Amino acid sequence: MPEPLKARIVRVRAAPLLTPIGGVEQRMAVDWTVDGNNLFTLYIPSAQFTADAARRAVDAAAAEVIKLLSA
């Protein structure tokens with residue numbers, strides 16, 4: 001019987017974004033997977049980034065992906 005799918009965070013990194021008016025938006029990128037093959041990325045503003053916030057965001061997004069893969 002296969003293991004149930006669950007989110008696994010693979011990498012956390014800085015991912016600044018250049019804005020159209022020449023500024024820089026500081027943000028963090030959280031790369032994650034549920035099946036070990038497909039990599040997804042969530043972006044969180046650096047000012048709002050915490051380990052708990054990242055885990056909640058990944059778990060919420062992963063729940064939708066798992067629904068699709070399990071259907």
Report summary line: With the first residue restricted to region 44-69 and required to be within 12 Å of Val30 (Cβ to Cβ), and the second required to be in a helix (DSSP H, G or I), Cβ contacts under 8 Å at 6 or more apart or on different chains are Ile44/Ala53; Ile44/Ala54; Ile44/Ala57
Requested in this report: Could you grab the pairs with beta carbons closer than 6 Å, sequence gap of 6+ or different chains, first residue in region 5-23 and without any contact (Cβ under 8 Å) to a residue 60 or more places away in the chain, second one of a type in the set (S, T, N, Q)?
Outcome: Arg8/Thr33; Val10/Thr33; Pro16/Gln26
Query raised in the report: Could you list, in sequence order, the residues of region 1-18 that are out of contact with any helix residue (DSSP H, G or I) (no Cβ under 7 Å at 6 or more places or on another chain) and modelled with pLDDT under 95?
Result: Met1, Pro2, Glu3, Pro4, Lys6
Report summary line: Restricting attention to region 23-53, the residues that are modelled with pLDDT under 95 and surrounded by fewer than 10 Cβ atoms within 10 Å (Cβ to Cβ) number exactly 2
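The values are calculated or read from the model by the stated rules, or taken from the named source; none is laboratory data. Because the structure is a prediction, the values reported are computed rather than measured. Counting neighbours? That spans all protein chains shown, and the Cβs are built from the backbone with ideal geometry, glycine included.
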